[in-house]
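The values are calculated or read from the model by the stated rules, or taken from the named source; none is laboratory data. What you see is a predicted model, and the numbers here were worked out from it, not measured in a lab. Positions of Cβ are generated from backbone atoms using ideal geometry, with glycine treated the same way; all protein chains shown enter the neighbour counts.
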Amino acid sequence: MFLESNNLKCQKGWIEVVAGSMFSGKTEELIRRMKRAKIAKQRVEIFKPQIDTRYSDENVVSHDSNYIQSKPVANSSVILDMVKDVEVVGIDEAQFFDAGILDVCNQLANRGVRVIVAGLDMDFKGNPFGPMPALIAAAEYVTKVHAICMKCGDLANYSHRLSESELLVELGEKDKYEPLCRNCFNNANK
């Protein structure tokens, strides 16, 4: 995609971030956007962190069991080596990547690639999670999605951990986490 402007050719690329709590539909939205790009016959690549093996070693899978084939990677730097002649790159669970993911996304966007990133914006303590704040700041488009609070039914913005573990990264599903609104999250953490 090139635009003519004052005799300069400007290649268009950008970063889109889909952020929110667990069970808010982040991965579902990433899959939807990537499938639409495929329908439009765009060349796509999808990546996820190698440590995320909850539903599949290879695929990006939503809680609703929708999936799309992906490439698991150990760190962000290998993504640039694996991306060849693509128009759209999807990255799931970006909070689990190293800080270099921001540079990778910027380099791809600067090459004219549409980069779609999904991830948790906050950890289980309600703090900004990994590289997500920097990705949100650098993105041209940010979509904040919400789950439903399991205590009161309001919109949920927090991923409350049900176990006593203090590890920052603890993979799990509804057995280990529940989405809560701000009030219910604060009450649960008193």
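Of the residues that make up region 131-154, is at least one closer than 19 Å to residue 25 by Cβ, modelled with pLDDT under 95 and touching a Ser or Thr at 6+ places or on another chain (Cβ under 7 Å)?
Scanning region 131-154, I find no residue that is closer than 19 Å to residue 25 by Cβ, modelled with pLDDT under 95 and touching a Ser or Thr at 6+ places or on another chain (Cβ under 7 Å), so the answer is no.
What are the pairs, 6+ residues apart or on separate chains, where a residue within region 28-44 that is among the acidic types (Asp, Glu) has its Cβ under 7 Å from a residue that is loosely packed, with under 14 Cβ neighbours inside 10 Å and outside any helix (DSSP H, G or I)?
These pairs meet every condition: 28/64.
Scan region 129-148 residue by residue and report those that are part of a strand (DSSP E or B) and over 14 Å from the mean Cα position of the chain (by Cα).
147, 148
Being in contact with an Asp or Glu (Cβ under 6 Å, 6 or more places away or on another chain), modelled with pLDDT of 95 or more and of a type in the set (A, V, I, L, M) is the filter here, so list the residues in region 16-45 that pass it.
18, 19
If we keep just the residues of region 129-147 that are without any contact (Cβ under 8 Å) to a residue 60 or more places away in the chain and surrounded by fewer than 18 Cβ atoms within 10 Å (Cβ to Cβ), which is farthest from residue 100 (Cα to Cα)?
137
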